[in-house]
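The values are calculated or read from the model by the stated rules, or taken from the named source; none is laboratory data. Model, not experiment: these values are computed from the prediction. Glycine gets a Cβ as well: all are built from the backbone with ideal geometry, and neighbour counts include every protein chain shown.
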Number of protein chains: 2
Amino acid sequence: MTIDDCTVAVLGLGLVGGSIARDLAARGVRVAGFDADPATLDAACVAGVVQTRLDADLHDRGAGETDSRTIVIIAVPVSETRRVIQGLPKRLAQAALVMDVASTKRSVLTVAAAAGIAERFVGSHPMAGDHRTGWSASRRGLFSGATVYLCPTPRTHDDAIQIAREFWGALGGRTQLLDDRDHDERVAFTSHMPHVVSAALALAMAKAGIGHDELGPGGRDVLRLARSSPDMWSAVAADNSEAILKALAAIETELAAFRHTLTSGDERALHAMFSAARAWTDDGNTAVHR
Amino acid sequence: MTIDDCTVAVLGLGLVGGSIARDLAARGVRVAGFDADPATLDAACVAGVVQTRLDADLHDRGAGETDSRTIVIIAVPVSETRRVIQGLPKRLAQAALVMDVASTKRSVLTVAAAAGIAERFVGSHPMAGDHRTGWSASRRGLFSGATVYLCPTPRTHDDAIQIAREFWGALGGRTQLLDDRDHDERVAFTSHMPHVVSAALALAMAKAGIGHDELGPGGRDVLRLARSSPDMWSAVAADNSEAILKALAAIETELAAFRHTLTSGDERALHAMFSAARAWTDDGNTAVHR
């Protein structure tokens, strides 16, 4: 089975789900779609991206029997993801592969196992997107070159993992298998904690009476993440708080070190710190993946 | 007098100085140039951007008497800036206007006053550029739409300030007069402290064994400033350490608040914090300038 033989049901047509649907449709894959916002679903149908409109119970009124050549993509915020998995109708729960795209994986895999779909579930997390949200921000090629973490359950069948790899590969992603706990700890560092830092910077500037228009290009880069969806990020932060707290402790330690060095006025020590930071950003400095 | 009647001596042809020289040359203004790196000066001359090559003593061998229709731009790192001001040859020290472009202003204005050029000195700071450095990164239009802070000394003549406004306006900048102490405190928040935070994030990730290639687009935004020049930023940080320490205390306070809220697991409180951060980033949220 290849993804070109499948129908892909995309549940949630925001930035990530909408971009997945656009790439699939451009490839000629049949896309069934649902979004809680009827206007979004209308727009996706009118654009020719969604061929089959699912109703609020996620049923396809035109479809007959269960089709094992179905792939389900749940592309909603993490708290919603758990609810959607628990409420999947039988037809979709029996799909060859069910994936989500949320930013945390431990809690999602737990719910998938409890829902009895552990064998065909692969948690996925594409490291793509930006602070914009919704169908209007979705676009073709969003996942081109992006790392996509895949977190199977302990019981996921190999063929489901293989389809998941093929699926994201077709969208240009570079898949990487990762244990769900490792995933949550790593993205706490690479994504969740930087989001918290960006938000904290915005709050500090607001209290200091600084206007957003006073930022130079560098400041705007650092503050861009603070524009992200509070709905999405409060859910992520609450779901992965333990790992984020560890990552926060790490950045607080480094800030304290800068504070001490600034207080001492040791310019050579400051130079060494900025140099070490820059050395890490060199492209050659790649991760040691386990 | 307008800038089109002047010769502009650009001392330092890196990202900022090189971009100034390119914009001026494109406008037909005569540019005299110097750079400590002979290859950079050669490249700027070959490109037709610098018409008159200054020697290591900043003399123009072809020039006769002192020309009051000269503008001097010192575009080197802040520690060098002070040294260049102190060593300006008489011909340039008598220019109609002397400006620097460094990221801190108090120490520079102090040196300008001590050098006896307070009447014709305007400290300037264009909020433009990126982590790249050097002539090869310089380009036309770098200052288009950028805020340019102008910090005169208490004794700067009005006509020198007027030429400075016209100069940056011709390059597309939006000039804003600011007291040097206010300037240093504000940019500590909007630029210097975010640089330190970005570097601290890089150091935290390095110690956690995270690779730069693991960052998603948001993480890359926040970490971009960590790629900046350690030479430039250790000098800035040492020069403005007092104000940066205040700004660091502010971000540390906000991070502690996030830590407490994450520990409590209060998702609604997290939502309120992320919402307040996003509200600040709205473009309507402009500064109240004094």
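What tally of residues in segment A:194-236 results from selecting those that are out of contact with any helix residue (DSSP H, G or I) (no Cβ under 6 Å at 6 or more places or on another chain) and of a type in the set (S, T, N, Q)? So the count comes out to 2. On the given criteria, is A:Ala272 more than 13 Å from B:Leu203 (Cβ to Cβ), out of contact with any Asp or Glu (no Cβ under 8 Å at 6 or more places or on another chain), more than 7 Å from every other protein chain (Cβ to nearest Cβ) and of a type in the set (A, V, I, L, M, F, W, C)? When the stated conditions are applied, A:Ala272 does not pass them. Inside segment A:110-129, residues that are in contact with a strand residue (DSSP E or B) (Cβ under 7 Å, 6 or more places away or on another chain), more than 16 Å from A:Val187 (Cα to Cα) and among the aliphatic types (A, V, I, L, M) make up a count of 3. Tallying residues that are touching a residue at least 60 places away in the same chain (Cβ under 8 Å) and not in a loop (DSSP other than H, G, I, E, B) within segment B:76-91 yields 4. Taking segment B:112-145 on its own, how many of its residues are on the phi < 0 side of the Ramachandran plot, of a type outside the set (A, V, I, L, M) and within 14 Å of another protein chain (Cβ to nearest Cβ)? Number satisfying all stated conditions: 10. Screening the candidates A:Val187, A:Val108, A:Val148 for the property of being more than 11 Å from every other protein chain (Cβ to nearest Cβ), within 15 Å of the chain's Cα centre (by Cα) and of a type in the set (Val, Ile, Thr) yields one hit, A:Val108. Looking across A:Val148, A:Val101, A:Val111, one residue alone is closer than 22 Å to B:Leu215 by Cβ, of a type in the set (A, V, I, L, M, F, W, C) and either without any contact (Cβ under 8 Å) to a residue 40 or more places away in the chain or surrounded by fewer than 23 Cβ atoms within 10 Å (Cβ to Cβ) (or both). It is A:Val148. Somewhere in segment B:271-283, is a residue surrounded by fewer than 16 Cβ atoms within 10 Å (Cβ to Cβ) and part of a loop (DSSP other than H, G, I, E, B)? There is at least one residue in segment B:271-283 that is surrounded by fewer than 16 Cβ atoms within 10 Å (Cβ to Cβ) and part of a loop (DSSP other than H, G, I, E, B).
Residues that are modelled with pLDDT of 95 or more and closer than 28 Å to A:Asp184 by Cβ within segment A:50-75 comprise A:Ile71, A:Val72, A:Ile73, A:Ile74, A:Ala75, listed in sequence order. The set of residues from segment A:34-53 being buried (at least 17 other Cβ atoms within 10 Å of the Cβ) and among the hydrophobic types (A, V, I, L, M, F, W, C) comprises A:Phe34, A:Leu41, A:Ala43, A:Ala44, A:Val49, A:Val50.
B:Ile163 meets each of the listed conditions (1) closer than 29 Å to A:Leu201 by Cβ; (2) in contact (Cβ under 8 Å) with a residue 40 or more places away in the chain apart from (1). Residues in segment A:237-251 that are touching a helix residue (DSSP H, G or I) at 6+ places or on another chain (Cβ under 6 Å) and in a helix (DSSP H, G or I): A:Ala237, A:Ala238, A:Asp239, A:Ser241, A:Ala243, A:Ile244, A:Leu245, A:Ala247, A:Leu248, A:Ala250, A:Ile251. Just one of the numbered conditions (1) of a type outside the set (Val, Ile, Thr); (2) touching a helix residue (DSSP H, G or I) at 6+ places or on another chain (Cβ under 8 Å); (3) within 19 Å of B:Arg30 (Cβ to Cβ) is not true of B:Leu92: (2).
Given the criteria over 26 Å from B:Ala235 (Cβ atoms) and of a type outside the set (Lys, Arg), does B:Gln51 qualify? Taking the combined requirement at face value, the residue satisfies it. Taken over segment B:4-41, the residue count meeting the criterion of being out of contact with any strand residue (DSSP E or B) (no Cβ under 9 Å at 6 or more places or on another chain), without any contact (Cβ under 8 Å) to a residue 60 or more places away in the chain and either assigned to a helix (DSSP H, G or I) or of a type in the set (Ser, Thr, Tyr) (or both) is 3. Among residues of segment A:1-40 being farther than 14 Å from A:Ala95 by Cβ and basic (Lys, Arg), the one that is modelled with the lowest pLDDT is A:Arg27. On inspection, B:Ser103 passes the criterion of being under 23 Å from B:Ser228 (Cβ atoms) and within 14 Å of the chain's Cα centre (by Cα). Entry remark, segment A:215-267: residues being more than 7 Å from chain B (Cβ to nearest Cβ), more than 20 Å from A:Thr104 (Cα to Cα) and touching a residue at least 60 places away in the same chain (Cβ under 8 Å) number 0 in total. Mind checking which residues of segment A:114-134 are closer than 22 Å to A:His195 by Cα and surrounded by 16 or more Cβ atoms within 10 Å (Cβ to Cβ)? Of everything in segment A:114-134, those that are closer than 22 Å to A:His195 by Cα and surrounded by 16 or more Cβ atoms within 10 Å (Cβ to Cβ) turn out to be A:Gly123, A:Ser124, A:His125, A:Pro126, A:Met127, A:Ala128, A:Gly129, A:Asp130, A:His131, A:Thr133.
Of the residues A:Gly134, A:Gly87, A:Gly141, the single one that is closer than 26 Å to A:Arg220 by Cβ and modelled with pLDDT under 95 is A:Gly134. Right, B:Ala200: over 18 Å from A:Gly218 (Cα atoms), facing chain A (nearest Cβ under 7 Å), in contact with an Asp or Glu (Cβ under 6 Å, 6 or more places away or on another chain) and crowded, with 18+ Cβ neighbours inside 10 Å or not? Against the criterion (over 18 Å from A:Gly218 (Cα atoms), facing chain A (nearest Cβ under 7 Å), in contact with an Asp or Glu (Cβ under 6 Å, 6 or more places away or on another chain) and crowded, with 18+ Cβ neighbours inside 10 Å), B:Ala200 does not qualify. Of everything listed in (1) out of contact with any Ser or Thr (no Cβ under 7 Å at 6 or more places or on another chain); (2) not in a helix (DSSP H, G or I), the single unmet condition for A:Ile210 is (1).
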